[in-house]
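Have a look at the structure below, then the notes.
The values are calculated or read from the model by the stated rules, or taken from the named source; none is laboratory data. This is a predicted model, so every value here is computed, not measured. So basically every Cβ, Gly included, is an ideal-geometry build from the backbone, and we count neighbours across all protein chains shown.
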Amino acid sequence: MLNTARGRFVLLSYGEAISYLLLLGIAMPLKYMAGIPEVVSVVGAIHGGLFTFYIVAAIHLFFVDKWSIIQFGLAVVAAFLPFGPFIFDKYFLKNP
């Protein structure tokens, strides 16, 4: 899986999606319901780094795998949606 740019992108997209779900589902409720804002700082920083690498990897695949502008745009939009990278992987990366 890590031998190809596409495989690395899939692994990175899963990490980005999971970190986003952790941020929305655990860190934010802990901040606002339990008064523990530090969790958002840690999980948010991790998610921010993974998000940045995800976008850079999508740009890389745009050139290396000759993605269309639509496929690239969908990859970027997917990063903003909970479960988006999972859906993008299932419908667009599995069917080159």
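In region 70-95, the qualifying residues are those that are touching a helix residue (DSSP H, G or I) at 6+ places or on another chain (Cβ under 8 Å) and over 18 Å from SER19 (Cβ atoms), and the one that is modelled with the lowest pLDDT is LEU93. The selection criterion, being surrounded by 13 or more Cβ atoms within 10 Å (Cβ to Cβ) and within 10 Å of the chain's Cα centre (by Cα), does not hold for LEU22. Can you confirm whether PHE92 is surrounded by 15 or more Cβ atoms within 10 Å (Cβ to Cβ), in contact with a Phe, Trp or Tyr (Cβ under 8 Å, 6 or more places away or on another chain) and assigned to a helix (DSSP H, G or I)? Against the criterion (surrounded by 15 or more Cβ atoms within 10 Å (Cβ to Cβ), in contact with a Phe, Trp or Tyr (Cβ under 8 Å, 6 or more places away or on another chain) and assigned to a helix (DSSP H, G or I)), PHE92 does not qualify.
Does at least one position in region 52-59 carry a residue that is of a type in the set (Ser, Thr, Tyr) and surrounded by 16 or more Cβ atoms within 10 Å (Cβ to Cβ)? Spell out the reasoning first.
Within region 52-59, the subset of a type in the set (Ser, Thr, Tyr) is 52, 54.
The next check asks that each one be surrounded by 16 or more Cβ atoms within 10 Å (Cβ to Cβ); those that pass are 54.
Within region 52-59, one or more residues are of a type in the set (Ser, Thr, Tyr) and surrounded by 16 or more Cβ atoms within 10 Å (Cβ to Cβ).
Would you check which residues across region 50-69 are touching a helix residue (DSSP H, G or I) at 6+ places or on another chain (Cβ under 9 Å) and within 25 Å of LEU30 (Cα to Cα) and list them? Within region 50-69, LEU50, PHE51 qualify.
All conditions but one from (1) modelled with pLDDT of 95 or more; (2) within 11 Å of the chain's Cα centre (by Cα) apply to VAL42; the one that does not is (2). Within region 44-89, the residues that satisfy the criterion of being without any contact (Cβ under 8 Å) to a residue 40 or more places away in the chain and either in a loop (DSSP other than H, G, I, E, B) or among the acidic types (Asp, Glu) (or both) are LYS66, TRP67, SER68, PHE80, LEU81. Determine whether LEU50 is under 14 Å from TYR14 (Cα atoms) and out of contact with any strand residue (DSSP E or B) (no Cβ under 6 Å at 6 or more places or on another chain). In short, yes.
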